[in-house]
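Beneath this line is the structure, given in structure tokens, with notes to follow.
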Amino acid sequence: MSIIWNLIIIIIFVLFLLRFILIKTGLIYPLKELTATIQDCFYVHQYLKVPEFNESQHNLLYRKLTLYLNSLPSLQHSDSINLLTTFNNQNDVVLSLQPNQTIRDHFLGSTLSWKNQPEPNRTHSFVLAIRKADKRRILRPYLSHIHAIADEIENQRNRQLRLFITAAGGNSRWRSIPFTHPSTFDTMAMESDLKEKIKSDLESFLKAKQYYRRIGRVWKRSFLLYGPSGTGKSSFVAAMANFLSYDVYDVDLSKIRCDSDLRSLLLETTPKSIVVVEDLDRLLAAEKSKATSFLTMSGIQNFMDGILSTCCGEERVMVFTMSSKDRVDPNLIRPGRVDVHIQFPLCDFSAFKSLASNYLGVREHKLFPQVEEIFRQGASLSHSEIGELMISNRNSPSRAIKSVIGALRTDGDGRGTEEMIQRQRRDDVDESHEGFGRVKDLRRLYSMFKLRNNRRSRASISPLP
Ligand SMILES: Nc1ncnc2c1ncn2[C@@H]1O[C@H](COP(=O)(O)OP(=O)(O)OP(=O)(O)O)[C@@H](O)[C@H]1O
Ligand SMILES: [Mg+2]
């Protein structure tokens, strides 16, 4: 009896070992193929051909089939496949069947196989082998399934992001233009840990529909980006939109007359979008000073809570930017209303190196130790100021870095700050006719003064519980 038990244990062990080896070496896939081919021998098949051309015209079904078959997970296990990039998006690598390659698919419990068959006139056809017994039951639903999946892939690929802006005149309508901002998380000069945290926060948000439903919360995530002017808050919003493939709705509160205007604007936004309110602190201060404003604090809070958005779909990200958290009512940015606070500090040495690598293509330079020393002494400028110097001297990295050193030095002993203030004053005159221009510039001046005292603040993300 014990011999039989030992034998059983040995057989189980050998089977496990064999399975492990097959999986590790990838031999499991050709083996599965072989079993499926042997099984197929016991069925009678019908062959249906989908040619690339219908007389001289492109066959639409062939095109959709190409998209569908290239998306099948089983394609990844094939011995050899073509790797292609699409015209629209060069980062989008697609797999494709090679001539005479066969791929299996499973649908409603049936196994089907497709062969990419070259034709004599340099065109191709896909040939479907379907079991005769299954044809009546599955052929129609299978073709509809192929159409649906191909359409979905096509929509995803062709999706052109749009930027919606509040139309002038206060009639609460959005106007949209293609959103082509090139900013991505890769081009943002900020701490890499912070970037990774934000990316994984956004990724886990995307997957959390059921979770939000279960805990009874609106499926949205709110971010507060705060920091001095030119430190990348707006670029970061664009990077988020590109990362998530979301449209951007830029809410200009100065054009909103009352709470109901704000409500109807929000109701007109679509799911999978980022709703942005820039310079919230400045706008709130301006609203307060207005003699007659029908936009109330509770209206703004309801808007931020996104309660209204539940009736027209969820999956929204809301972003508020401001120069400093200190000047707004803490209740406005309390946990639950704003989930993640991200600080955008002035440029430090590590951000300078990212900018130099991005704008000038230099990762190391003999002037870097000098730059580091100046940063260590407390000098700093905004990313946009340093970026501008680099762009205007992009043909000579040494000149660019020297001009940054010069700007940091002048700023360090105070002359730069004065110069910048003068420059701001000139801008002030130019912009003062534009509603909030003066308030914005005063804010910029304020950040220039702060610049001298508070250079070395580090980037931080503070997710609220
Ligand atoms: N962290 C950064 N990384 C890379 N580029 C940056 C960064 N910060 C700013 N820039 C560059 O500086 C310019 C201005 O940045 P941006 O408009 O995003 O700043 P901001 O914080 O929104 O300023 P403001 O508060 O005045 O609106 C952009 O062209 C951007 O390319
Ligand atoms: Mg901005």
Original post:
Using θ = phi - 60° and the Karplus curve 6.51 cos²θ - 1.76 cosθ + 1.60, what whole-Hz ³J(HN,Hα) does each residue of the stretch 173-187 get, with Gly and Pro shown as x?
Top reply: 10, 9, 10, 10, 9, x, 9, 10, 4, x, 5, 9, 4, 5, 7
Original post:
If you rank Tyr246, Tyr142 by fewest surrounding Cβ atoms within 10 Å, what's the result?
Top reply: Tyr142, Tyr246
Subject >> Percent antiparallel among DSSP beta bridges (both partners in the stretch 118-257, rounded to 5) >> reply: 65
Original post:
In nm, to one decimal, how far is the modelled label at Ile149 from the one at Ser245, with both set 7 Å along Cα→Cβ?
Top reply: 1.6
Original post:
Could you work out Rg/(2.2 N^0.38 Å) for the stretch 221-288, with Rg from alpha carbons only?
Top reply: 1.18
**OP:** With a point put 7 Å past each Cα toward its Cβ, work out how far Gln57 is from Asp40 in nm, to one decimal.
**Re:** 3.2
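Working out 0.36 nm times the residue gap between Trp5 and Arg394, then minus their Cα-Cα distance, what length gain in nm do you get to one decimal?
Working: separation 389, 0.36 × 389 = 140.04 nm, distance 7.69 nm.
Length difference between fully extended and current span is 132.3 nm.
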Original post:
Given labels modelled 7 Å from the Cα in the Cβ direction, how far is it in nm from Lys32 to Phe16?
Top reply: 2.2
Original post:
Which ordering of His58, His181, His383 is given by a fewest-first count of other beta-carbon atoms within 10 Å?
Top reply: His58, His181, His383
**OP:** For a label point 7 Å from the Cα of Leu206 along Cα→C-beta, name the residues of the stretch 240-270 whose backbone N is under 16 Å from it.
**Re:** 240-248
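Read-outs throughout are calculated quantities, based only on the coordinates presented, and are distinct from any laboratory measurement. Predicted model, so just to flag it, every value in this text is computed and none were measured. All Cβ positions, glycine included, derive from the backbone under ideal geometry; neighbour counts span all protein chains shown.
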